[in-house]
1. Given the options A:LEU349, A:LEU120, B:VAL284, identify the residue whose Cα lies farthest towards the positive end of the charge dipole of the protein assembly as shown (+1 on Cβ of Lys, Arg; -1 on Cβ of Asp, Glu).
2. For the range B:67-167, what Kirkwood radius comes out of the mean inverse Cα-Cα distance, in Å?
3. Going out from 0 in 5 Å bins, what whole percent of all Cα-Cα distances in the range B:183-228 drops into each bin?
4. Over the range B:67-167, what is the relative contact order in percent, taking alpha-carbon pairs closer than 8 angstrom and at least six residues apart?
5. Which semi-axis lengths, in whole Å and largest first, follow from the square roots of five times the eigenvalues of the Cα gyration tensor of the range B:305-374?
6. Please list, ordered by chain and number, the residues whose modelled amide H lies under 5 Å from the amide H of B:LEU232; skip anything fewer than 5 residues away on the same chain.
7. Once the Cα atoms of the range A:209-334 are picked out, what are the Rg and Dmax in Å?
8. Based on the alpha carbon coordinates of the range A:58-272, what radius of gyration and maximum Cα-Cα distance (Dmax) apply, in Å?
Amino acid sequence: MSQTKKAPAPKAGQGNKFSNMTDTNLLLFITIVVFFVMYIGAILIQGKGFLKPQTFFNILNGNAALIIVSCGMSIVMITGGIDISVGGVTALVSMCCAVYLDFHNGNIFMSVLIALAIGLAFGVVQGFLVAYLDIQPFIVTLAGMFFARGMTTIVNTDPFNVQNEAFVALKDTRIIIPGLGSVNKLGKYVDAYIEIGVVAALIVVVVLFCMLRWSKLGRGFYAVGGNPQSALMLGINVRRTKFISHVLCGLLAGIGGFVYFMHVGSGSPSHAQGMEMNAIASSIIGGTLLTGGVGNLIGTFFGVLSLNTIQNIVSSAGLNDAWWTGITIAGMLCLFLVVQSVVMARKKLAIKAKS
Amino acid sequence: MALLEKRQHKHKLHREKVHKSTMTGGGSTAWILVFAVLFIAVAAGCANRFTAPGESEDTVQSDESKSIVVGFSQLGAESDWRSANTESMKSTFVEESGYTLIFEDGQQKQANQIMAIRTFIQQEVDYIVLAPVTETGWDTVLQEARDAEIPVIVVDRKVDVSDESLFTCWVGSDFELEAKKAAEWLNRYVTEQDIDPGDVHIVNIQGTLGASAQIGRTKGLEDAAVKNGWDLMVEVTGDFTQAKGKEVMASLLEQYDNINVVYCENDNEALGAIEAITMAGRSVGSDILNGKIMVISFDGVNEQALRYVREDKITCIAECNPLHGPRVQAIIELLEAGGTPDKFSYVEEEIFSANETISKLTVDGTEYEVTILK
């Protein structure tokens, strides 16, 4: 008897200082530590570009849309689903807004509404199919992805840049961050800035983080993802919760789509190609489990940053072929999957030991 | 044994703690957040302190001032031409000749390329070389490069900006001239074989829509078709890739049974189209009077394509010279010496064919020699 119990005991001893955290917090902690180790490592080893705050802000500027979309993805993943239509929706939103603003001389307010409506429509339809008709989320959203990509090409085939004056002004609006600028090699002081999209992304992250942590609905997502049967017994409307998660994800894809559009300022059928995969990768790096029930949006936020920091490091290091980035990301994903399974194993051990 | 029991007891306590914190939630996350914010503040502060004093940065600079840092944002690696272009840059800007090349592959996305240019600006490179994926949408980022006073040399495709002083100069191919050469070759061939121009049924497999090469080559063909009275039946994009070229050609062969000339806007599309034609049971060659399908193509970089010219599978190729490296290097040397390069400069290009009957072409009053491949 004592022989069998010997094995788990030292393991628990090792995880001592972490064991007062929940899985979600532990994974979040690991993500944040990895990000900072990576970034500080980059500063120490490569210096130059990474020393400037603007490099960090550029990562934010370039990925504001991905952050928003990844939040939606994380929520769906927490409930145990997946949504791979987000990239397509982003492209469709960009194209529709571009066509509306340029060809129909529209105003920005309406284009935002269009973006939200498209996102919401995808969310509602996909959510209904997944939650109430019990179709696999992967299949439903795969269809959604193809549909969105196809629609984008129908709306307009050629890529083009939006010339609408009000929009261009909005797109070029920069929020100066005081005190974090840097002196370039000519001795000129350049202000650090972020784009409007970054503000939107931060608001989305904070609002949804609070929602997930403290609202009844938010806790419901975790319960449904963790174990649908138990959630049902707890009196949670599982179908409705799943439905809402997809609606939210769609809506966020709409918002993300508009932020993406604001960043690139053009419509093109090839926009946001592979974005859904980056969103999934970011969520996983951020500590969201594909199996559901565990995840944190702050983690997702750092997941996006990690993903792009590693890309930045790889290219600055002169490992210049595209496949290097792919391989490092694959390596990182593997690392995080291993960490996740260790965490899950820990959880299982704890449950076993209890019973 | 006692030790073991003690451990087990400890273990139990942990579990209770875990359980507790699951119930209460918030506490540790809040701490993590506080840490994260602190970290950011410290990192940003450090960064600022490091960059603020002028001297320290100067010493770093002088260490590397021996080599000229060139940031090259390539749009992707979609074709053999592109790979040859990248290779030319990489082999030109090597450490031995006093350069450091930072290469970024944009993977066909403008957003990636804009990101790359911003990274170059942050890294304070000496020159930026940009091979843009599309013509429009570069104003903002080029303005940023100009604010940092980094010269931008655009290669291959052009950029369409409101203010042409936003980039230093452009090096590349005259795509329309290439197209005119190819069209003139076809015109000469049709005239010599005594074929009625109305019987020349052309399909155009276009490049990536919006790319300069596509625009120039399409325009050259369209103008020539109107001028010579050819039947230009349809234009479809093949995205400069072999796979798409094959797919498009296969469906075109099903739609039209009288195609006798395929105009492919690069070699990869031509290779794909030839596969599709062969699979459909037709044969390729210049002898269009006897039911063959003539393939006209561009680039002339791909070894297989050049071999196909010798085998009369591709009738003629208008070259698009990918070796931009030496040209760009010459411009950088000129700029380093304080000179002003020409705003637009074209690389020299040839036209390849295995047909010996046409040895010279006259396009816009200039005579071009046809390189006969044997």
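Here, each number is a calculation from the coordinates, and none is a lab measurement. No experiment lies behind these values; they were computed from the predicted model shown. Heads up, the Cβs are rebuilt from the backbone with ideal geometry, glycines too, and the neighbour counts pull from every protein chain shown.
1. The residue sitting most towards the positive pole is A:LEU349.
2. 13.5
3. Whole-percent P(r) values from 0 Å outward: 5, 20, 28, 22, 14, 8, 3, 0.
4. Normalised by residue count, the contact order of the range B:67-167 is 30 percent.
5. Result for the range B:305-374: semi-axes of 33, 15, 7 Å.
6. B:ILE202
7. Here Rg and the maximum Cα pair distance are 17.4, 56 Å.
8. Spelled out, the Cα radius of gyration and Dmax of the range A:58-272 are 18.9, 67 Å.
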